[in-house]
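Structure, as structure tokens:
Readers should treat all values here as calculations from the given coordinates under stated rules, not as data from a laboratory. Source: prediction; values computed, not measured. For neighbour counting, all protein chains shown are included, and Cβ atoms are generated from backbone atoms with ideal geometry for every residue, glycine included.
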Amino acid sequence: MAALVATDNVDTEWIKTWAPLIVGSAGLTIVVCMASIAMAIVLAILGALGRLSANPFINGLASLYVSFVRGTPLLVQIYFIYFALPALGIILPALPAGIFALGFNYGAYLTEIFRAGIQAVPAGQREAAEALGMRESLVMRRIVLPQATRIVTPAIGNEFIAMIKDSALVSIIGVREVLWNAETAGRPRGNTLEAFIIAALIYWVLTITFSVFQERLERRMARSDRQ
Amino acid sequence: MSGVSPIVRVQGLHKYFGSLHVLRGVDFEVEKGEAVMLVGRSGSGKTTLLRSINFLTEPTLGSVEVDGLRVDADPLGSRNREHREQIRQIRLRAGMLFQEFNLFPHMTVLENLIEAPIRVRGLARDEAIALADRYLDKVGLKDKRDEHPARLSGGQKQRTAIARALCMEPKVLMFDEPTSALDPELIGEVLNVMEDLAHEGTTMIVVTHEMHFAREAADRVVFMEEGEIVEQGPPEKVLNSPQDPRTQQFLRRFLAAGAA
């Protein structure tokens, strides 16, 4: 980096002017990711319960969701939600559309993760709860899901880190996050090198930061498991 | 009349696992205050019988009655909401202890004990805690109240599970090989608690391989073989002078193995 700056290829004046704006937009990237992962987790719990349901309709619906989302590009899903849904009368502004697209997409991947997590809770846990007279919904809510959540927490962390990177895709529908700002500030002035290096660095720092955070969380959970 | 009818009445119970005929028409009753030990070799159907009583295993044919509430087997697998509620009511009357304890690892000992009393029986939190404290004291684990199960020994886990079941104040306690997963030196503390319960008049059904315990604590020993009850009676009779050749053979092998 220092070498680049030294070669005079880099417009330091441009950086001084525009870098704060691009860095500042990291906040929106994080907001988008937080909102999307929250939505994804809700969809994933519903999806996982659906995938494990004995009801063929619910099961089919959940399977269709996972299959469709995993079988189509995220970019197409973003385009569809932002550009195609208005044709059906559903008009979403860019930010909600972007969050919805990411949440919908990651919800499908997390569905499979949650399903595996629920199945990883030992059968004896469910039996013990049933033997205490708990109804099915209570067994799920109080006994199975809390344990499944612990099991899948590391995987949710991985998905969140992947999402930070995928969130750059919503720039194409005009969500003013990191990449949108980098492109808007850099391209018209011919400062693409500076702009995209800064954008890349921001994503890198974000993913590293959350990786460290996630490692700590995992270590803490491992400790409380040992107790 | 309720004083006369048994707490548990199993009639004509059959269970198939695929083509495997595990229970072959079992009739079985347990009176109030009775401690009944189910013995027999592995695969004889003892555990299946026990698990059928609270429908953790669905019997194929026959009926189960616990404290006056009767539920028939469901050979066609068409349980509706009403059946499921009846089964739940049976489970409230018949507490169950497992070989693997099955404490909830994400809850403390106290939380394990008060969860179902609050959310299933509808007790107020302080009532449930008072109840939990009483039974924790009874199994000698008052000082472990705020620990998580991972910090308990196997014997302490099973005693916690017993306290958890007692907090539901069931009509009968059912134990499925409660000491089989324990290190030998931890078996005694669990059996002592169970023996106290038996002597206090707790109605219990215990699947066990602990013949010494059966001799001490049982009012009646039931010997099963190949899905049928072969012989039953007071422990001194069944264990000391069994009449049926299959019981005799089982006990001979057991004694030969030095397990009794």
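Peptide A:142-153 has a mean of 2 when you count, residue by residue, the C-beta atoms of other protein chains within 10 Å of its C-beta. Amide H to amide H distances under 5 Å link B:Glu225 with B:Val230, where only residues 5 or more positions off or on other chains count and H is placed in the peptide plane. When both bridge partners sit in the protein assembly as shown, DSSP labels roughly 60% of those beta bridges antiparallel. When the helices of chain B are scored as -39500 (n - 2.57) per DSSP H run of n ≥ 4 and the total is divided over every residue, the value at 222 nm lands at -11000 deg cm²/dmol.
With θ taken as phi - 60° and the Karplus curve 6.51 cos²θ - 1.76 cosθ + 1.60 applied, the whole-hertz 3J(HN,Hα) list for the stretch B:172-186 is 9, 10, 10, 10, 9, 6, x, 10, 5, 9, 9, 4, x, 6, 9 Hz, x standing for glycine and proline.
Backbone geometry of the stretch B:13-18 corresponds, through the Karplus equation with coefficients 6.51, -1.76 and 1.60 at θ = phi - 60°, to 3J(HN,Hα) couplings of 7, 10, 9, 10, 9, x Hz, x marking Gly and Pro. For chain A, the alpha-carbon radius of gyration amounts to 1.24 times the rule-of-thumb value 2.2 N^0.38 Å expected for a compact globular protein. Taking all C-alpha pairs of the stretch A:158-227, those more than 15 Å from each other amount to 62 percent.
From most to least packed by mean Cβ count within 10 Å, the peptides B:231-242, A:21-32 give A:21-32, B:231-242. Across the cross-link table entries B:Lys171/B:Lys237; B:Lys15/B:Lys138; B:Lys32/B:Lys237; B:Lys157/B:Lys237; B:Lys46/B:Lys157; B:Lys32/B:Lys144, which are compared at the Cα atoms, the separations over 25 Å belong to B:Lys171/B:Lys237; B:Lys15/B:Lys138; B:Lys157/B:Lys237; B:Lys32/B:Lys144.
Using only alpha-carbon positions, what ratio does the radius of gyration of the protein assembly as shown give when scaled by 2.2 N^0.38 Å?
Here the Cα radius of gyration is 1.33 times the empirical estimate.
Taking 12 Å as the straight-line reach from the Cα of A:Lys16, the aspartates and glutamates in range (excluding those fewer than 8 positions away in the same chain) are A:Glu194.
In this structure, the amide hydrogen of B:Met96, modeled 1.01 Å from its nitrogen in the peptide plane, lies closer than 5 angstrom to those of B:Met174, counting only residues at least 5 positions away or on a different chain. Using θ = phi - 60° in the Karplus curve 6.51 cos²θ - 1.76 cosθ + 1.60, the 3J(HN,Hα) couplings for the stretch B:74-86 round to 10, x, 8, x, 10, 5, 9, 4, 5, 4, 4, 5, 5 Hz; x is entered for Gly and Pro. Proximity of backbone amide H atoms, modeled 1.01 Å from N, is registered between B:Ala35 and B:Met204, B:Asp219, B:Arg220 at under 5 Å, excluding neighbours fewer than 5 places apart on the same chain.
So what's chain B giving for Cα Rg divided by 2.2 N^0.38 Å, two decimals?
Values: Rg = 18.3 Å, N = 260, 2.2 N^0.38 = 18.2 Å.
Here the Cα radius of gyration is 1.00 times the empirical estimate.
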